[in-house]
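We did not get these values from a lab; they are worked out from the coordinates using the rules stated. Computed from a prediction, not measured in an experiment: that's the story for all the values here. We place every Cβ from the backbone using ideal geometry, glycine too, and count neighbours over all the protein chains shown.
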Amino acid sequence: MEVSAFKESLSAAQPPAEATVYLQALWFDARGNWEKAHVLIQDLPDKNAAWIHAYLHRKEGDTWNADYWYRRAGKTRPAVSLEQEWEGLVEALL
């Protein structure tokens, strides 16, 4: 799946059937359901989940918590817009 197709799927009622839990979280976030996105990834122990978790807390405005999760992901908080970070996450995880 391409990023453009993933973005088009945002008009559907559910995320694409083939979407991983990471992409499902990003899909729900893009649809305005931050809570569902957070629930999907908050307990996953890997770096991809930590990266999404960091992004979600950055979006929430909780910089301290976001920076903790960026460190867990092996990343630093990016100096890009939330929209650019979301798209970068989707690209990396497709």
Criterion: under 9 Å from the mean Cα position of the chain (by Cα) and within 24 Å of Ala79 (Cβ to Cβ) - qualifying residue of Trp51, Trp64, Trp34, Trp27: Trp51
Wholly enclosed helices (runs of 4 or more DSSP H) of segment 3-94 bearing at least 3 residues surrounded by 15 or more Cβ atoms within 10 Å (Cβ to Cβ): 21-30, 34-41, 47-60, 63-73, 82-93
